Amino acid sequence: MSITKRCASPADAFKDLAAQGVIRDGMTVMVGGFGLCGIPEHLIIALRDTGLKGLTCISNNAGVDDWGLGLLLQTRQIRKMISSYVGENATFEKQFLSGELEVEFNPQGTLAERIRAGGAGIPAFYTATGVGTPVAAGKEIREFYRPADDTRHQNRTPAATAGTFEQMAPRVGPRAPDAPRRREYVLETGLYADLALVKAWRADEFGNLVYRKTARNFNPMMATAAAFVIAEVEEVVPTGTLDPDGIHTPGSYVDRLVRTVSEKRIEQRTVSKA
Amino acid sequence: MPLTRDQITRRAAAELRDGFIVNLGIGMPTLVANHIPPGMDVWLQSENGLLGIGPFPKDSEVDPDLINAGKQTITARAGASYFSSADSFAMIRGGHIDMCILGAMQVSQDGDIANWMIPGKMVKGMGGAMDLVAGVKKIVVTMEHNAKDGGAKVVRACSLPLTGQRCVTMLITDLCVMHMDPARQRFVLTEVAPGVTVDEVKAKTEAEIVVAPDVRPVAV
């Protein structure tokens, strides 16, 4: 008898998780998607229906007023969002301005990398993104030599093409003209959640996942960065049917699977005039 | 006459080179795609995980799984590839993108950029802007030279919270074109809009700038 992680419905995918201590009030949940593209739309509704409160949601965006994570904002189940851009969402704006909702903005690449790092067991990493901005406030800054750096940054001598990123001792006094190029980097920490809800296109019974087009976005990293992972998919095929070379998320990362018919709302329907 | 948005983006498109990998910001920079010279092979990257953006779809081709960073439905050109957000920002932060064109609220004389928040107003977030200005090789800013109230946007130091430090390589406004001189750490005024004088640009610019010996009219 081979493994199947398939559940009968989105509600069934949450069955017994509270009793097992997997889900609880105040937990942190990652939710895949970019805008409304590639969001686990039925799992979000099922999460809402658990009635859990005080959630921290890690998701690039916060949905729209009546779809995606906007549904959990309407019911005030989210206490904090970790996102890069929240766009046009009146519910979000109202709760943020009244102080009900806490928001931590991360640069989008920093958010993606924090999730990737969390899933890979990497506690922290240095990045140039955000240095000199409010994002770096209170965080550790270190200088590194970067091989193959480009020449746009001022006061850089032509780049060496290979080598190691080397940590530089703190600089004392003005820079000598022939000194190695160095650049400031900010320390960012990895992210790991209690639960991740991801959306894929196809899965097999074991939970191997294949994403479709730009609906992939944050889903593959989130599938690696949580203690429990539920995947919402459009099609489930027998294990052994998917081409092993074409699998984006190995099945070992996925705990439960549910097949749904996605509504796939479009935020900005744009067509060519021709 | 100040340049129109169409002329600004046309001038920005003149910076493209055959084979370039380019990321276009939301808003005016998106229009640069309309001015890619015929026969030039430019690959547009979308930070939500696509290299090789094609034209907007016909009504029958609309696919909700295929959008750009502005959340508009798009198509993918032949040879395109899809990847995760982590891979996309590795491409951006790792220096694998040749040029990025984006808008700004303020640019400082040594190349700082502020374009994501105004204190006291609702903050929507920086999206991928901080990653782009930190990682892309050439950063071209397209914007109106002055605010609606006439206030300077090319300033000595940004009063708004920064998106990135000393990262702008080129500035194209409705009045002029300026290039960052890395040695002097100041912008050099090289082109003015037809009918606009160097003195007018200087009067409308708070930043300390260098005027090139051979200022030319912007070719539009």
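The values are calculated or read from the model by the stated rules, or taken from the named source; none is laboratory data. What you see is a predicted model; the values in this text were computed from it and never measured. So basically every Cβ, Gly included, is an ideal-geometry build from the backbone, and we count neighbours across all protein chains shown. Ligands, DNA and RNA are excluded from the accessible area calculation, which covers all protein heavy atoms including side chains. Shrake-Rupley method; radii C 1.70, N 1.55, O 1.52, S 1.80 Å.
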- The one condition A:Glu104 fails out of (1) open to solvent by 40 Å² or more (accessible area, probe 1.4 Å); (2) more than 12 Å from chain B (Cβ to nearest Cβ) is (2)
- Before we move on, is B:Met28 in contact with a Pro (Cβ under 7 Å, 6 or more places away or on another chain) and at pLDDT below 95? no
- Would you mind finding the one in B:Pro217, B:Pro161 that is out of contact with any strand residue (DSSP E or B) (no Cβ under 6 Å at 6 or more places or on another chain), closer than 24 Å to B:Thr4 by Cβ and open to solvent by 10 Å² or more (accessible area, probe 1.4 Å)? B:Pro217
- Task: Could you look through the range A:167-203, keep only residues that are among the small types (Gly, Ala, Ser) and at pLDDT below 95, and pick out the one that is surrounded by the most Cβ atoms within 10 Å (Cβ to Cβ)?
- Result: A:Ala179
- Query: When you look at B:Gly19, is it within 13 Å of another protein chain (Cβ to nearest Cβ) and of a type in the set (Gly, Ala, Ser), yes or no?
  - Reply: no
- Considering only the range A:96-131, state which residues are in a helix (DSSP H, G or I) and modelled with pLDDT of 95 or more. A:Gln108, A:Gly109, A:Thr110, A:Leu111, A:Ala112, A:Glu113, A:Arg114, A:Ile115, A:Arg116, A:Ala117, A:Gly118, A:Gly119
- Message: Anything in the range B:14-45 that is over 19 Å from B:Ala69 (Cβ atoms) and open to solvent by less than 30 Å² (accessible area, probe 1.4 Å)? List them, or say none.
- Response: B:Glu15
- Considering residues that are open to solvent by 10 Å² or more (accessible area, probe 1.4 Å), polar (S, T, N, Q) and not in a loop (DSSP other than H, G, I, E, B), the number found within the range A:204-263 is 1
- Query: Is it the case that A:Ala136 is surrounded by 12 or more Cβ atoms within 10 Å (Cβ to Cβ), touching a Gly at 6+ places or on another chain (Cβ under 6 Å), facing chain B (nearest Cβ under 10 Å) and modelled with pLDDT of 95 or more?
  - Reply: yes
- Message: Are there strands (runs of 3 or more DSSP E) fully within the range B:116-220 with at least 3 residues that are away from chain A (no Cβ under 14 Å)? List them.
- Response: B:176-181, B:186-192, B:210-217
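Can you list the strands (runs of 3 or more DSSP E) found entirely within the range B:1-112 that contain at least 1 residues being among the aliphatic types (A, V, I, L, M), touching an Asp or Glu at 6+ places or on another chain (Cβ under 7 Å) and in contact (Cβ under 8 Å) with a residue 24 or more places away in the chain?
Answer list for the range B:1-112: B:21-24, B:99-102.
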- Answer yes if at least one residue in the range B:188-206 is in contact (Cβ under 8 Å) with a residue 40 or more places away in the chain, basic (Lys, Arg) and more than 25 Å from B:Met99 (Cα to Cα), and no otherwise. yes
- Task: Could you tell me which numbered condition B:Thr73 fails, if it satisfies all but one of (1) open to solvent by less than 10 Å² (accessible area, probe 1.4 Å); (2) more than 7 Å from chain A (Cβ to nearest Cβ)?
- Result: (2)
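Considering each residue of the range A:111-133, count those that are at negative phi and at the interface with another protein chain (Cβ under 7 Å from one of its Cβ atoms), and give that number.
Residues in the range A:111-133 being at negative phi and at the interface with another protein chain (Cβ under 7 Å from one of its Cβ atoms): 8 in total.
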- Item | Sole residue being open to solvent by 30 Å² or more (accessible area, probe 1.4 Å), within 21 Å of A:Ala223 (Cβ to Cβ) and modelled with pLDDT under 95, chosen from A:Ile45, A:Ile3 | A:Ile3
- Task: Considering every residue within the range B:168-180, establish whether at least one is of a type in the set (A, V, I, L, M) and more than 19 Å from the chain's Cα centre (by Cα).
- Result: no
- Which listed residue, of A:Thr127, A:Thr50, A:Thr75, is of a type in the set (Ser, Thr, Tyr) and crowded, with 17+ Cβ neighbours inside 10 Å: A:Thr127
